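Scroll down for the structure; my scribbles are underneath it.
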Amino acid sequence: MKKLLYILFIINSLLLLGQKNSNIQFAVYNDAVGTSSMFNLYKSSIEKLNVFKTKASLPSHLKKFDYLADNGLIEITFKKNEGYPDSLSLEMLNEQSDLPKDRPVFIEGYQFNDTSTRIYSEMITNIELKDCNGLQCIHISTIRN
């Protein structure tokens, strides 16, 4: 009985950790990931938005981001000579937190296994270290209150 309770506890913990925020829509510019709401600050600099509503509709150069396309994925093109946000790799975030650089990072419940992925620092509102299967992992929040 004790083993059964322990197994149920572990399964419940994994389900809670793995919950994705269904209100988040990701956007990609220049092979770096941000949130669609983050790019609202750059409306006047954006030349074009391509909205892909399903994973199946993603073009080949965006297929590597298909795990982020639960709510669709936006590809952004900026006008020439316009400013855009700074980006950093998830490896850098791991190293800054004294974690192995290949440790997965979670953004709003979405697991990023490829830590060479760059994200826009502007979308980050909170960074926490949380236990994930016995390992410390970075969990990033993007929602502004």
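For the reader, a short list of remarks on this structure follows.
- DSSP finds beta bridges in region 31-145, and of those with both partners inside it, around 75 percent are antiparallel.
- Rel. contact order, % - alpha carbon contacts under 8 angstrom, at least six apart, region 53-122: 27
- Across region 82-145, the mean sequence separation of Cα contacts (distance under 8 Å, 6 or more residues apart), normalised by length, yields a relative contact order of 33 percent.
- Extending 7 Å from the Cα toward the beta-carbon at both Thr125 and Asn81 defines two label points whose distance is 3.6 nm.
- Residue order by solvent-accessible surface for His61, His139 is His61, His139, largest first, with ligands and nucleic acids left out and a 1.4 Å probe.
- Zero-based 10 Å bins, Cα pair distances in region 36-145, whole percents: 13, 40, 36, 11, 1
- Cross-link pairs exceeding 29 Å between alpha carbons, from the set Lys43/Lys64; Lys53/Lys79; Lys79/Lys101; Lys20/Lys63; Lys80/Lys130; Lys80/Lys101: Lys79/Lys101; Lys80/Lys130; Lys80/Lys101.
The values are calculated or read from the model by the stated rules, or taken from the named source; none is laboratory data. Keep in mind that this is a model prediction, so the values were computed, not measured. When we count neighbours, we look across all protein chains shown, and the Cβ atoms used for this are built from the backbone with ideal geometry, even at glycine. Quick note on the areas: whole protein, heavy atoms, side chains included, nothing else; ligands and nucleic acids left out. Shrake-Rupley method; radii C 1.70, N 1.55, O 1.52, S 1.80 Å.
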